[in-house]
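Working notes, structure below.
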Amino acid sequence: MAADTLGDRIRKLRMERGMSLAKVAGGDFSRAFLNQVELGKSQPSMRVLRVIASRLDAPVEYLLDGEQRFLDREVALEKGRLAVARGNPRKALADLEPVLDSQDWPAGSDARLTAAQALLALGRGPEAHRVLEQEEPEIRRRGDTVRLRRLRAIRAGQRYSVSAPYHVRLAEAAMRDGRVLDGLEHYRAARVMFEAARSPS
């Protein structure tokens, strides 16, 4: 069986979300062009691809690379977060390497925030603060108050956490806005926190 293409992935997500060609195209490009992309007869620019990914609430990198490489990056991010939580910042930086340069939102941003935590734990404050300074404008541009608070806490050397009920509220708001990946992230965080609270110590 042939591997799926960029066009296949776009069409699959569009159909799963019940969106027409016109809805995805909006006023940014024509339905005909999007149809040609889905058929593999045209190649979108990165700007257009970012518009398509945003409308489909999908990571650009998933559209470009397919599920496996996207999942590889997600695993790298989670391993890095776990290493920081376990107090192993050197391992965290090594685990995060595959996703640190990612321009995908929010995985790339989360990887860099986690790397900043690891750098601070290693006493590499100037490097950590450079990472945070570079990341802050994008977080502000997206209006992501949770990540902005996390960035500030990391900068101040403090631990930042969100309560499980707040994660649920953020998840429901994200789902109402059609931001499925953000919703999934917050539902997952809430579940983990509720399970941890109920497990015997």
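Computed from the coordinates by the stated procedures, all read-outs in this text should not be read as laboratory data. In this text the structure is predicted, and so the values were computed from the model without any measurement. We place every Cβ from the backbone using ideal geometry, glycine too, and count neighbours over all the protein chains shown.
Return the residues of segment 100-130 that are under 21 Å from the mean Cα position of the chain (by Cα) and without any contact (Cβ under 8 Å) to a residue 12 or more places away in the chain; say none if nothing qualifies. If the condition is that a residue be under 21 Å from the mean Cα position of the chain (by Cα) and without any contact (Cβ under 8 Å) to a residue 12 or more places away in the chain, then 101, 108, 130 are the ones that fit.
What are the residues in segment 24-60 that are of a type in the set (Phe, Trp, Tyr) and not in a loop (DSSP other than H, G, I, E, B), if any? Correct list: 33 only.
Can you tell me which residue among 90, 140, 112 is more than 29 Å from residue 173 (Cα to Cα), of a type in the set (Lys, Arg) and out of contact with any strand residue (DSSP E or B) (no Cβ under 9 Å at 6 or more places or on another chain)?
On the way: 140 fails: more than 29 Å from residue 173 (Cα to Cα); 112 fails: more than 29 Å from residue 173 (Cα to Cα).
Among 90, 140, 112, only 90 is more than 29 Å from residue 173 (Cα to Cα), of a type in the set (Lys, Arg) and out of contact with any strand residue (DSSP E or B) (no Cβ under 9 Å at 6 or more places or on another chain).
So which of 97, 74 is loosely packed, with under 14 Cβ neighbours inside 10 Å, of a type in the set (Asp, Glu) and either within 12 Å of the chain's Cα centre (by Cα) or in a helix (DSSP H, G or I) (or both)? Outline the logic, then answer.
Details: 74 fails: loosely packed, with under 14 Cβ neighbours inside 10 Å.
It is 97.
Here is the figure for segment 100-142: residues that are surrounded by fewer than 16 Cβ atoms within 10 Å (Cβ to Cβ) and either of a type in the set (Gly, Ala, Ser) or touching a Gly at 6+ places or on another chain (Cβ under 8 Å) (or both) total 3.
For residue 26, which of the numbered conditions (1) touching a Phe, Trp or Tyr at 6+ places or on another chain (Cβ under 9 Å); (2) on the phi > 0 side of the Ramachandran plot fails to hold? Failed condition: (1). The residues of segment 185-196 that are over 20 Å from the mean Cα position of the chain (by Cα) and either β-branched (Val, Ile, Thr) or over 17 Å from residue 85 (Cα atoms) (or both), listed by number, are 194, 195. Count of segment 27-43 residues, restricted to those that are more than 15 Å from residue 63 (Cβ to Cβ) and loosely packed, with under 13 Cβ neighbours inside 10 Å, is 5.
Annotation: residue 82 fulfils all but one of (1) under 21 Å from residue 110 (Cα atoms); (2) of a type outside the set (Phe, Trp, Tyr); (3) touching a residue at least 24 places away in the same chain (Cβ under 8 Å); the unmet one is (3).
Can we say residue 83 is surrounded by 18 or more Cβ atoms within 10 Å (Cβ to Cβ), touching a helix residue (DSSP H, G or I) at 6+ places or on another chain (Cβ under 9 Å) and not in a helix (DSSP H, G or I)? Against the criterion (surrounded by 18 or more Cβ atoms within 10 Å (Cβ to Cβ), touching a helix residue (DSSP H, G or I) at 6+ places or on another chain (Cβ under 9 Å) and not in a helix (DSSP H, G or I)), residue 83 does not qualify. The residues of segment 144-184 that are assigned to a helix (DSSP H, G or I), closer than 21 Å to residue 86 by Cβ, touching a residue at least 24 places away in the same chain (Cβ under 8 Å) and of a type outside the set (Lys, Arg) amount to a single one, 154.
Which residue is farthest from the chain's Cα centre (by Cα), if the candidates are limited to segment 1-23 and must be assigned to a helix (DSSP H, G or I) and closer than 21 Å to residue 106 by Cβ?
16
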